[in-house]
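Engineer: The following block contains the structure, expressed as structure tokens.
The values are calculated or read from the model by the stated rules, or taken from the named source; none is laboratory data. In this text, all values refer to a predicted model and were calculated from it rather than measured experimentally. Here the Cβ positions follow ideal geometry from the backbone for every residue, glycine too, while neighbour counts run over all protein chains shown.
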Amino acid sequence: MNTVRDVDPTDNVMLVEAGATLQSIQAAAEEAGRLFPLSLASEGTCQIGGNLATNAGGVNVLRYGSTRALCLGVEAVLPNGNILNNLSRLRKDNTGYDLRDLLIGSEGTLGVITAATLALSARPADVGTALFTVRDPAAALDLLTLARSIAGDGISAFELIHGVGLDFVAETIPEARQPFSERPEWAVLVEVGLPDAVSAEQCLTDLFEQGLGAGLTDDGVIAQSDGQRAEFWTLREQIPEANKRIGAIVSHDIALPLGQLADFIPRGMARIAEIGPFRVNCFGHLGDGNLHYNVFPPLGKPPGAFAADKDRIERAVHDLVRDMGGSFSAEHGVGRFKTHELDRYGDPVKISTMRTLKSALDPHGIMNPGALFS
Ligand SMILES: Cc1cc2nc3c(=O)[nH]c(=O)nc-3n(C[C@H](O)[C@H](O)[C@H](O)COP(=O)(O)OP(=O)(O)OC[C@H]3O[C@@H](n4cnc5c(N)ncnc54)[C@H](O)[C@@H]3O)c2cc1C
């Protein structure tokens, strides 16, 4: 089940089978002159069924929303063997409970998605990408506000990069090209996609000049070619790879309200410093309020030596996230590893309603047992 069955530029919809890889779906949309904007590092191998089941996020959520926002309908086999036929092409359909939204993000616990209808977007005529240094996360957020006033909805990605992440890349992937001669403490990767007659390069130049004037940035590189754009994204994608090579004690995928984010980062680091002399690599989808807040051993020490600290670190970070109105899982879901976190931080009425739905649809617990529920 890996076929793209239809791409319809009039409906602005494509119909795909669940086993189609994300990359093949992006390519089919491009062939029809349209854009399917979901984009993540695993796009060459992950399948749209998995993207839907995990409500995957990725780098373009800021502009286009997560997978949920890109899906109009699903076909699924329910635990009792019935087939839900809901391959809707409609933008408006107010006919009771939304079973599509129930299946999206259900992590395979309510049924097997077999096909989906996906919403397409216009391809931006001009795309520009830049890396800017920023003083701190608060300056990065101010730069995002400035970018919004210049480019409006044209900002498709706004990624925070930490100097610690650049150090990890330099240490573990020495052939990687570093864009700044002096390693900054913080930087952002900004991408804009604009309609015809609006220059992406001019927009990024305006952002840099105004950001410089406001004291938010003091250095930047605007990609001059598709090759250079790809290089910037490669650097961003090398950060998780470098993290893997260094070896985290514990990784967090957290979401916070944008207004809390700049305050959260140093407060979290202070709490972690009380536990031990750990290194924190804090990076991620700043525009979505989604941080990958990963904690590493001191230089030269293996992560295994600090296994006993893992729970304390996780508790310190997730407690602070809860206190500041955030979520312990922004885009990586609950799976089996985080069921205890859902029990601890989830709203009890939400969890009991989820259990009621699970036992109504899957009374024998045959769908992905162990996921979501402890
Ligand atoms: C290198 C890398 C980078 C990533 N980057 C991001 C990122 O930036 N943002 C993000 O959100 N995620 C990211 N992810 C995780 C991402 O969510 C998954 O890679 C992807 O969305 C899941 O698709 P998959 O086909 O790999 O699913 P799998 O891993 O095979 O399955 C994921 C879950 O979905 C269920 N499932 C799979 N198919 C179906 C189906 N047809 N019907 C019902 N349930 C199903 C499975 O049971 C499982 O619980 C990344 C992963 C990797 C490896």
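Engineer: So is residue 74 surrounded by 22 or more Cβ atoms within 10 Å (Cβ to Cβ), within 15 Å of the ligand (Cβ to nearest atom) and part of a loop (DSSP other than H, G, I, E, B) or not?
Structural biologist: So residue 74 does not fit the description; no.
Engineer: Mind telling me which of the residues 256, 235 ends up being touching a residue at least 60 places away in the same chain (Cβ under 8 Å) and either closer than 19 Å to residue 66 by Cβ or more than 18 Å from the chain's Cα centre (by Cα) (or both)?
Structural biologist: 256
Engineer: Of (1) farther than 28 Å from residue 262 by Cα; (2) of a type in the set (Lys, Arg); (3) free of Cβ contacts under 8 Å to residues at least 40 places away in the same chain, residue 322 satisfies all except one. Which?
Structural biologist: Here residue 322 meets the rest and fails (1).
Engineer: Mind checking which residues of segment 105-133 are within 16 Å of the ligand (Cβ to nearest atom), in a loop (DSSP other than H, G, I, E, B) and under 29 Å from residue 189 (Cα atoms)?
Structural biologist: 105, the sole residue that qualifies.
Residues checked against (1) small (Gly, Ala, Ser); (2) surrounded by 18 or more Cβ atoms within 10 Å (Cβ to Cβ); (3) modelled with pLDDT of 95 or more:
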residue	(1), (2), (3)
277	no, no, yes
300	yes, no, no
312	no, no, yes
322	no, no, yes
326	yes, yes, yes
345	no, no, yes
358	no, yes, yes
369	no, no, yes
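Engineer: Among all residue pairs at least 6 apart or on different chains, which show Cβ distances below 6 Å where the first residue, located in segment 31-51, is more than 23 Å from residue 125 (Cβ to Cβ) and in contact (Cβ under 8 Å) with a residue 40 or more places away in the chain and the second is part of a strand (DSSP E or B) and not basic (Lys, Arg)?
Structural biologist: Correct list of pairs: 47/21; 48/16; 49/113.
Engineer: Next question, about the same structure. Looking at residue 257 and the list (1) surrounded by 14 or more Cβ atoms within 10 Å (Cβ to Cβ); (2) more than 16 Å from the ligand (Cβ to nearest atom); (3) under 22 Å from residue 56 (Cα atoms), which single condition is not satisfied?
Structural biologist: With (1) surrounded by 14 or more Cβ atoms within 10 Å (Cβ to Cβ); (2) more than 16 Å from the ligand (Cβ to nearest atom); (3) under 22 Å from residue 56 (Cα atoms) applied to residue 257, the lone miss is (1).
Engineer: Need pairs with beta-carbon distance below 6 Å; first residue in contact (Cβ under 8 Å) with a residue 40 or more places away in the chain and within segment 65-93, second within 15 Å of the ligand (Cβ to nearest atom) and among the basic types (Lys, Arg); sequence gap 6+ or separate chains.
Structural biologist: 73/100; 74/100
Engineer: I'd like to check something: does segment 85-102 contain any residue that is more than 19 Å from residue 193 (Cβ to Cβ), within 11 Å of the ligand (Cβ to nearest atom) and buried (at least 16 other Cβ atoms within 10 Å of the Cβ)?
Structural biologist: So far as segment 85-102 goes, no, none of its residues is more than 19 Å from residue 193 (Cβ to Cβ), within 11 Å of the ligand (Cβ to nearest atom) and buried (at least 16 other Cβ atoms within 10 Å of the Cβ).
Engineer: For segment 18-64, which residues satisfy the criterion of being assigned to a loop (DSSP other than H, G, I, E, B), surrounded by fewer than 20 Cβ atoms within 10 Å (Cβ to Cβ) and away from the ligand (no atom under 12 Å from the Cβ)?
Structural biologist: Listed by number, the residues that qualify are 32, 33.
Engineer: Further question: For segment 118-134, which positions are of a type in the set (A, V, I, L, M) and within 17 Å of residue 212 (Cβ to Cβ)?
Structural biologist: 130, 131, 134
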